[in-house]
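Report on the following structure.
What follows is calculated from the coordinates using simple rules that are stated; it is not laboratory data. The model shown is predicted, which means the values in this text are computed figures rather than measured ones. Positions of Cβ are backbone-derived with ideal geometry, glycine not excepted, and every protein chain shown enters the neighbour counts.
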Amino acid sequence: MRQVQPLAIVNAQLVTPQGVVSGALRCADGVILAFGSDIAAEDGDAIVDAKGKLLTPGLVDLGVFAVDKPAFHFGGITRAALMPDQSPALDLPSRVGFIAKSGKPDLWVHPLAAATRDLAGRELAELALMQEAGAKGIATGRRWIADSGVMLRLLQYAAMLDMVVVTHAEDGNLVGEACATAGEIATRLGLPAAPAEAEALAIARDIALAGLAGARLHIRQVTTARGFALVREAKARGLPVSCGITPAHFMLSDLATADFRTFTRLSPPLRCEADRQAALAAIADGTVDVIASGHDPRGPEDKRLPFADALPGMAGAETLLAMVLGLVRDGVIDLCRAFDLTAGKPARLLGVPAGALVAGLEADLALIDPDAPWIIDRRKMAATADNSPFDRQGAQGRVLGLWKGGVRLGG
């Protein structure tokens with residue numbers, strides 16, 4: 001899919017890294033040419049009138065577990081970094097190469113290479129060959145690598161390749177088969193639980209090893225006050241450490257599990273209210289670098305089970321944009337930061353030329369009405385499964401148009 005005619009989107013509120021600007025944007029041959037208040041359409045341009053709505057970069061979703069185009073397009077996502085937890089795992093160059101081409105032409109899928117063979121945490125996979133095949137990062141998958149020697153070698157190898165390592169931050173030996181965070185709620189419900197400190201232990205070790213190796217470390221989900229403190233400390237020391245979070249962990253606390261509804265069975269599990277408040281503070285102060293959907297659609301065979309037996313995961317792609325715009329309305333962040341969290345920083349971590357309204361970057365664009373109200377209804381979701389923890393919740397913010405490389409998707 002190639003852009004055959006220059007495009008001008010006029011009368012827009014452009015969300016740029018420098019601020020929100022009223023004006024127009026032009027793109028041709030798939031890249032952004034210019035934007036601003038003094039830009040106008042030229043002869044031969046296809047013209048779209050934004051009617052005063054937001055024009056933003058397409059979202060870059062860092063760390064999804066399934067390629068789900070209808071859900072991604074509904075949510076304004078034009079690029080998705082796919083976790084290696086597939087069947088089979090993305091631990092061979094041939095598998096990575098296939099996945100890297102799987103979304104084209106209307107979605108970029110950026111595979112994250114499995115850190116170890118079969119994600120077993122023991123033997124390093126062929127990382128350099130997978131990078132050549134199209135991998136944009138390395139990930140440990142749903143699990144933490146328990147062997148510190150293996151983890152150090154992984155980070156050293158990744159540093160030589162200049163690839164970011166995406167980690168899961170839970171000490172698996174401490175978590176075991178737990179499905180909840182230890183505390184009053186888990187005790188009352190009688191759920192197998194693990195202490196929240198399992199996250200801090202994993203983060204502390206991985207940061208220490210990343211410092212030894214000089215590697216870029218991205219902790220995919222940080223959800224506890226102590227975890228955020230460790231990331232802040234690492235950043236203050238100048239280490240190339242970043243972290244992410246999903247909307248569920250800043251919108252919901254473990255109180256949401258009180259009715260045993262398995263759509264709230266997540267990994268990491270929902271935390272206490274104090275940790276949820278710490279997450280909001282970490283987003284506000286810049287500790288959190290990425291907000292991702294954590295898109296992990298699970299069918300009824302995985303969710304219609306007792307809470308402790310259900311598999312973790314949520315269908316998050318369709319609700320990511322609305323939840324992040326909620327942070328803007330609540331005054332936690334501004335619009336520019338919202339789209340840096342969901343597009344700019346993920347693109348920079350992956351090393352892809354997208355994620356911002358900047359001349360020369362690919363013209364992955366979203367036209368958004370930030371005030372459009374809607375009800376999240378699992379029965380009407382575009383995703384392959386409906387396991388949203390936000391079912392029946394009111395939301396604001398809808399995508400009106402989406403362009404991939406300057407070509408409008410869905411017409």
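Mind checking which lysines have their Cα closer than 17 Å to the Cα of LYS101? Skip sequence neighbours fewer than 8 apart in that chain.
Within reach: LYS69, LYS136, LYS404.
Helix 273-285 versus the longest principal axis of the chain: what is the Cα-based angle in degrees, 0 to 90, to the nearest 10?
Compared with the principal axis, the helix lies near 40 degrees.
Have a look at the DSSP beta bridges in segment 59-350 and tell me what percent are antiparallel, nearest 5.
Details: 1 of 26 bridges.
Of all bridge pairs located within segment 59-350, approximately 5 percent are antiparallel.
Anyone know which of LEU217, LEU161, LEU266 comes out most mobile in the 10 Å Cα GNM of the chain?
So, out of LEU217, LEU161, LEU266, the one fluctuating most is LEU161.
For HIS218, enumerate residues with amide H under 5 Å from its amide H, sequence gap 5+ or separate chain, H modeled in the peptide plane.
VAL165, VAL166, THR167, SER242
For LEU62, which sequence-distant residues (separation of 5 or more, or a different chain) have an amide H within less than 5 Å of its own amide H, given hydrogens modelled in the peptide plane?
Correct list: ALA81, SER293.
Taking 7 Å along the Cα-to-C-beta vector as the label spot, tell me the ASP334-ARG2 distance in nanometres, rounded to one decimal.
4.1 nm
Just order 44-54, 76-86 by mean Cβ neighbour count inside 10 Å, highest at the front, would you?
In descending order of packing, they fall as 76-86, 44-54.
Can you give the angle from 0 to 90° between the axis of helix 320-329 and the longest principal axis of the chain, with both taken from C-alpha atoms, to the nearest 10?
Roughly 80 degrees between the two axes.
Taking +1 at the Cβ of each Lys and Arg and -1 at the Cβ of each Asp and Glu, which of PRO268, PRO346, PHE307 sits farthest along the dipole of segment 59-350 towards its positive end, judged by Cα position relative to the Cα centre?
Positive-end residue among those listed: PRO346.
Relative to the longest principal Cα axis of the chain, at what angle does helix 197-213 sit, 0 to 90 degrees, rounded to 10?
Helix 197-213 sits at roughly 70 degrees to that axis.
Using only Cα positions of segment 59-350, each an equal point scatterer, no hydration layer, compute I(q)/I(0) via Debye at q = 0.14, 0.16 Å⁻¹ and quote the log10 values to two decimals.
-1.01, -1.36
Suppose every K and R has +1 on its Cβ and every D and E has -1 on its Cβ; what is the size of the dipole of the chain about the Cα centre, in Debye to the nearest 20?
The dipole of the chain has a size of about 180 debye.
Taking the dipole about the Cα centre of segment 70-195, with the C-beta of Lys and Arg at +1 and of Asp and Glu at -1, give me whichever of GLY172, PRO192, SER94 is farthest to the positive side.
SER94
Of LYS51/LYS345; LYS53/LYS345; LYS235/LYS345, which ones are farther than 26 Å apart at the Cα?
The pairs that break the limit, which is 26 Å between Cα atoms, are LYS51/LYS345.
What's log10 of I(q)/I(0) for segment 243-397 at q = 0.11 Å⁻¹, Debye sum over Cα points only, no solvent?
-0.45
Roughly what % antiparallel, to the nearest 5, for the DSSP beta bridges in segment 7-82?
Details: 13 of 24 bridges.
Counting DSSP beta bridges with both partners in segment 7-82, the antiparallel share is about 55 percent.
At 7 Å along the Cα-to-beta-carbon direction for both ASN11 and ASP259, put a label point, then send me their distance in nm to one decimal.
Result for the modelled spin labels: 4.3 nm.
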